[in-house]
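Report on the structure given below.
The values are calculated or read from the model by the stated rules, or taken from the named source; none is laboratory data. Every value quoted in this text rests on a predicted model; they were computed, and no experiment measured them. Glycine also receives a Cβ, built like all others from the backbone with ideal geometry; neighbour counts cover every protein chain displayed.
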Amino acid sequence: MTFEPEQERSPEEVAETVEDTIANEDVALFMKGTELMPQCGYSRKALGLIKQHHEDVATVNVLEATDAYREALSEYSGRETIPQTFVDGEFVGGSDILEQLDEQGDLEETLEA
């Protein structure tokens, strides 16, 4: 027997949240878990990298409706992977891209865009 978490939000609510967050937040991170308690290593890494350079980040916990978030986010990024970072409405990438930008010394500038 497997446990399937109950999806708490409708696809329409999720799509609206994604659209509003991307449009209205300077830096947005769609992640598994919350800022205080990330629920996966990739989300924790992405949040940590962002916080090194930009204190104010809007986080959205996709675990409330993971499949709906994956679908809604793919409309903006072309990807279904989590986490996803958006800066000024533009898709930047997941933790791997943030790490690469940080190693190249470009993450701070990207987050200030």
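If you take the residues of the stretch 58-78 that are modelled with pLDDT of 95 or more and of a type in the set (D, E, K, R), which of them is farthest from Ile97 (Cα to Cα)? Per the criteria, the residue is Asp67.
Evaluation of Leu36 against the conditions (1) in a loop (DSSP other than H, G, I, E, B); (2) touching a Phe, Trp or Tyr at 6+ places or on another chain (Cβ under 8 Å); (3) of a type in the set (A, V, I, L, M) shows that the sole unmet condition is (2).
Counting only residues that are among the acidic types (Asp, Glu) and more than 20 Å from Glu112 (Cα to Cα), the stretch 37-95 holds 5 of them.
What do you reckon, is Asp56 of a type in the set (Asp, Glu) and part of a loop (DSSP other than H, G, I, E, B)?
Numbers: of a type in the set (Asp, Glu): yes; part of a loop (DSSP other than H, G, I, E, B): yes.
For Asp56, the condition - of a type in the set (Asp, Glu) and part of a loop (DSSP other than H, G, I, E, B) - is met.
Per the conditions (1) closer than 16 Å to Thr21 by Cα; (2) surrounded by fewer than 21 Cβ atoms within 10 Å (Cβ to Cβ); (3) touching a residue at least 24 places away in the same chain (Cβ under 8 Å), the sole criterion not satisfied by Tyr69 is (2). Among the residues of this structure, Ala46 does not count as one that is without any contact (Cβ under 8 Å) to a residue 40 or more places away in the chain and either among the hydrophobic types (A, V, I, L, M, F, W, C) or closer than 27 Å to Glu103 by Cα (or both).
Restricting Ile82, Ile97 to residues that are at pLDDT 95 or above, surrounded by 14 or more Cβ atoms within 10 Å (Cβ to Cβ) and assigned to a loop (DSSP other than H, G, I, E, B) narrows the list to Ile82. Residues considered: Glu55, Glu12, Glu19. Of these, the only one that is closer than 17 Å to Thr110 by Cα and exposed (fewer than 14 other Cβ atoms within 10 Å of the Cβ) is Glu55.
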